[in-house]
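Inspection log for the structure reproduced underneath, given as structure tokens.
Derivation of every value follows stated rules applied to the coordinates shown; laboratory data play no part. The structure displayed is predicted, hence computed values, not measured ones. FYI the Cβ positions are ideal-geometry reconstructions off the backbone, even for glycines, and counts take in every protein chain you see.
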Amino acid sequence: MSYKINEGLRMELKEPLGKLIPNNEINQSFFTELKNKRIITVGDRTTEVISSAGVDIMMEIVDGRERRVSRNPPESHLQRQLIITNPPGEITAQAVDTIRKCLKDEQKVRIYVDGEEDLLTLPSIYYSDPGGLVLYGQPGQGMVLVRVDGSSKERAKRIMNEMGISL
């Protein structure tokens, strides 16, 4: 089963779900702020930048594409790797279930998406423990840092519910 995003939600999601960190502020002090936090990265470039800075990542979600252009996925030091299917502009039940199970098990994992990973930020926020951080790219602008709390979880839930996903 797969759930598609509608045009209204697509427009809403053009705005960052958290704090936009401009490219010129992604530096050592930013990386230091991420140390000892539960980190989820969504996107190849975001994963590459965070990982290359030596920040420990709990879950990486990548698709081997950057701005819709194929690329080699970033190197990963995570032993557990899963492959799921998730078409562009959609969230599959498989993706939601995989993210939920992986976060519940608390095993470090890379999820490789055959399709597109962008919308998987939503279940990552919803199923992450409060206090965690979800990071994803904002093309041409920087990186978005979402602090997982009641408010961010509620927003993710509302958007997924509007897509027809029952949580």
With (1) over 13 Å from the mean Cα position of the chain (by Cα); (2) under 19 Å from Arg38 (Cα atoms); (3) buried (at least 21 other Cβ atoms within 10 Å of the Cβ) as the list, and Val109 as the residue in question, which single condition is left unmet? (1)
Could you tell me whether any residue of segment 86-106 is in a strand (DSSP E or B), of a type outside the set (Val, Ile, Thr) and within 23 Å of Phe31 (Cβ to Cβ)? no
Yes or no: segment 59-71 includes at least one residue that is in contact with a Pro (Cβ under 7 Å, 6 or more places away or on another chain), surrounded by fewer than 16 Cβ atoms within 10 Å (Cβ to Cβ) and not in a strand (DSSP E or B). yes
Just to be sure, is Ser51 touching a strand residue (DSSP E or B) at 6+ places or on another chain (Cβ under 8 Å) and free of Cβ contacts under 8 Å to residues at least 60 places away in the same chain? yes
Filtering segment 83-99 down to residues that are of a type in the set (Gly, Ala, Ser) and touching a residue at least 60 places away in the same chain (Cβ under 8 Å), which residue is nearest to Ile5 (Cα to Cα)? Gly89
Scan segment 112-153 for residues that are buried (at least 21 other Cβ atoms within 10 Å of the Cβ), in contact with a Leu (Cβ under 9 Å, 6 or more places away or on another chain) and assigned to a loop (DSSP other than H, G, I, E, B) and jot them down. Ser128, Gly132, Val148
